[in-house]
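The values are calculated or read from the model by the stated rules, or taken from the named source; none is laboratory data. Quick caveat, the model's predicted, so the values are computed rather than measured. Here the Cβ positions follow ideal geometry from the backbone for every residue, glycine too, while neighbour counts run over all protein chains shown.
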Amino acid sequence: MILAAGQGTRVRPLTKDLPKPMVPILGKPVMEYLIEHLARHGVREIMVNVAYHHQRIEQYFGDGSRWGVEIGYSFEGVRDHGDILPRPMGSAGGMRKIQDFSGFFDETTLVLCGDALIDLDIGAALAEHHEKQALASIVGVEVPLAEVSSYGIVVADAAGRIESFQEKPEPAEARSTLASAGIYIFEPAVLDQVPANQVYDIGSELFPRLVAQKLPFYVQNRPFHWIDIGRVSDYWSVLQRVLKGAVPAMPMPGKQVRPGVWVGLNVQIPWDQVTIEGPVYIGSGVRVEAGARIIGPAWIGHGSVIRAGARITQSIVFEYTRIAANMHFHEMIVSRQYCVDRHGETLYSGDDLSPLRWGDARA
């Protein structure tokens, strides 16, 4: 089960016109990496709950056959004065809706958030879940004590049985440094604890209920890479890590034409008249004009234009974006309509008060 119905408000404007699982990393949606990982571990049936901009997910992934899996969708919405409006039912409520409809969850189910990157050993996680005869398991990850205030913290006994939760505690108050990674393993009977036809959340409602009823509910502490994209600043940091090669499972696409510089097909670059310092990826159909400078880690999306004298440093330029001549974009995410700095401050194209100029490369 991939949870993909949320609105992604904390990463706006990246999610202004696309759902959070479709936010791109190295030119691919976050959720595609999840599906590839599930397929590698033998998962063949995947349900996805959808709501906001659901067509973007459904049209891209289709029935899943490209990845060797079968994907089904469950839309969550309501009719209001003749219009169909997205109305998420919460992570647990969405699963209960599917279960009431078809009884789909008839065996052990892995539940993932659609907006994080993982390389979890799924087989080992399932084995531990079954060995402990758990009704539900959370996969946790150790975080530095100084960062616990950014996470939901799990408190468990020596055997891993969950005793309580702390939501974003201050370091001095934290009883653990084990954060929930948004990865769960459920037996079908878990959904009997979720009320029907209600908005109901896994973390804030279902899990406290399992603890209160003293059901066999465990946390696993196992090593794996977990990259969460909770905020715009996280997205910028993730891409910087990926471009530096710090995430082994995510190699740079394209062809390496000089140390640290990769390009796609059909690029127009006067190499002896530009400065490009890697790691940099330049997508297909990109034009870089004389006098431009691109200093990595940087990603230039396909179809973009970097005009003469422009400087791109440690930034991500989405596809079909035109950077005006002599503009300097530093530590930014730039699209055709907006640009966001690494701290989440947003400017919009055409704003007369903005010192920066950029736009749509297709115009």
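Scanning region 164-194 for residues that are buried (at least 19 other Cβ atoms within 10 Å of the Cβ), aliphatic (A, V, I, L, M) and within 14 Å of Ala134 (Cβ to Cβ) gives Ile183, Ile185, Val190. When region 120-142 is filtered for residues that are without any contact (Cβ under 8 Å) to a residue 24 or more places away in the chain and buried (at least 18 other Cβ atoms within 10 Å of the Cβ), nothing remains. Listed by position, the strands (runs of 3 or more DSSP E) inside region 255-294 whose residues that are in contact (Cβ under 8 Å) with a residue 12 or more places away in the chain, in contact with a strand residue (DSSP E or B) (Cβ under 9 Å, 6 or more places away or on another chain) and not basic (Lys, Arg) number at least 2 are 261-263, 275-277, 280-282. Here is a check on your reading of the model: is Ser349 over 24 Å from Glu32 (Cβ atoms) and surrounded by fewer than 14 Cβ atoms within 10 Å (Cβ to Cβ)? For Ser349, the condition - over 24 Å from Glu32 (Cβ atoms) and surrounded by fewer than 14 Cβ atoms within 10 Å (Cβ to Cβ) - is not met. Examine region 96-110 for a residue that is under 24 Å from Pro29 (Cβ atoms), surrounded by fewer than 20 Cβ atoms within 10 Å (Cβ to Cβ) and small (Gly, Ala, Ser), and state whether such a residue exists. No, region 96-110 contains no residue that is under 24 Å from Pro29 (Cβ atoms), surrounded by fewer than 20 Cβ atoms within 10 Å (Cβ to Cβ) and small (Gly, Ala, Ser).
Where strands (runs of 3 or more DSSP E) fall wholly inside region 1-85, the ranges with 1 or more residues that are free of Cβ contacts under 8 Å to residues at least 12 places away in the same chain and assigned by TED's automatic domain parsing to the domain that holds Leu117 are 77-80.
Of all residues in region 87-145, those that are of a type in the set (A, V, I, L, M), within 23 Å of the chain's Cα centre (by Cα) and part of a strand (DSSP E or B) total 9.
For the residues Ile316, Ile294, the requirement of being in the same structural domain as Gln240 (by TED's automatic domain parsing), farther than 15 Å from Leu26 by Cα and crowded, with 20+ Cβ neighbours inside 10 Å singles out Ile294.
Just one of the listed residues (Val148, Val78) is among the β-branched types (Val, Ile, Thr), crowded, with 18+ Cβ neighbours inside 10 Å and in contact with a Lys or Arg (Cβ under 8 Å, 6 or more places away or on another chain), namely Val148.
Restricting attention to region 195-208, the residues that are farther than 25 Å from Gly77 by Cβ and either loosely packed, with under 15 Cβ neighbours inside 10 Å or of a type in the set (Gly, Ala, Ser) (or both) total 1.
Which residues, counting only those in region 319-335, are surrounded by fewer than 21 Cβ atoms within 10 Å (Cβ to Cβ) and touching a strand residue (DSSP E or B) at 6+ places or on another chain (Cβ under 9 Å)? Glu319, Tyr320, Ala324, Asn326, Met327, His328, His330, Glu331, listed by residue number. The number of residues in region 45-75 being in contact with a Leu (Cβ under 7 Å, 6 or more places away or on another chain) and farther than 19 Å from Thr108 by Cα comes to 2.
Taking the listed residues Ile25, Ile2, the one that is under 15 Å from Asp115 (Cα atoms), at pLDDT below 95, in contact with a helix residue (DSSP H, G or I) (Cβ under 7 Å, 6 or more places away or on another chain) and of a type outside the set (Asp, Glu) is Ile25, with no other qualifying. Each residue in region 151-162 was checked for being under 19 Å from Ile227 (Cβ atoms) and loosely packed, with under 12 Cβ neighbours inside 10 Å, and 0 pass.
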